[in-house]
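First up is the structure itself, then whatever we jot down about it.
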Amino acid sequence: MFKKKMKIFLEYKPPKDIRTLFIVHYAPLILIILTGPITPLYGIWKISEELFSIIIGIIIFLLGSYVYFKWEIFWQKTYHGQLVTDGIFKKIRHPHYTSLLIIGFGLAFFFNSLFALIVAVISIPIMIISILDEEKRLIKQYGEDYKKYKKETPWRIIPKLF
């Protein structure tokens, strides 16, 4: 049974029209990772006092990593092509986006980089557009089940906010 489930999971490839979305999701995070370290090297575009920023960044990054791994582990254990509404998906509909945003902000503060923070802020509307587009696909794919899930779980990425 386990081997069969693993085979299904390992053979899953997102449809080609969704692959672009994955690139869009990770592009801001990659840009933060590539540009963030430049700030301390050259001492430009700093956010605040270095030690404070680094500590806050580590805390935020760890929170984002926790959300990411909670999503990732749950997803690997439960997803087999069906609509997933349990676990972290009971609280928010798009925990993957949430984790990427939190990690991006955490890295921006860790690097003490104003430029990386601007990229993190710019990534918010990018993620929102991606979420809205993805939800159209999910409604087409799962129909009334997804509409019901949207009513039961009204928050997309941040409970009580959006």
Inset, instruction - Identify all residues within the stretch 113-134 that are out of contact with any strand residue (DSSP E or B) (no Cβ under 7 Å at 6 or more places or on another chain), part of a helix (DSSP H, G or I) and in contact (Cβ under 8 Å) with a residue 60 or more places away in the chain; write none if there are none. - result: Phe115, Ala116, Leu117, Val119, Ala120, Ile122, Ser123, Ile126, Met127, Ser130, Asp133, Glu134
Legend entry - Tally of residues being of a type outside the set (Asp, Glu), surrounded by 13 or more Cβ atoms within 10 Å (Cβ to Cβ) and part of a helix (DSSP H, G or I) across the stretch 67-81: 7
Inset, instruction - Quick one: which residue in Leu132, Leu117, Leu138, Leu107 is loosely packed, with under 15 Cβ neighbours inside 10 Å and either closer than 30 Å to Ser53 by Cβ or modelled with pLDDT under 95 (or both)? - result: Leu132
Legend entry - Candidate set from the stretch 142-162 (those that are outside any helix (DSSP H, G or I) and free of Cβ contacts under 8 Å to residues at least 40 places away in the same chain); member that is surrounded by the most Cβ atoms within 10 Å (Cβ to Cβ): Phe162
Legend entry - For Lys77: the one exception among (1) out of contact with any Ser or Thr (no Cβ under 9 Å at 6 or more places or on another chain); (2) more than 30 Å from Asp145 (Cα to Cα): (2)
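The values are calculated or read from the model by the stated rules, or taken from the named source; none is laboratory data. It should be emphasised that the depicted structure is a prediction, and the values quoted were computed from it without experimental measurement. Here Cβ is always computed from backbone atoms with ideal geometry, including for glycine, and neighbour counts include all displayed protein chains.
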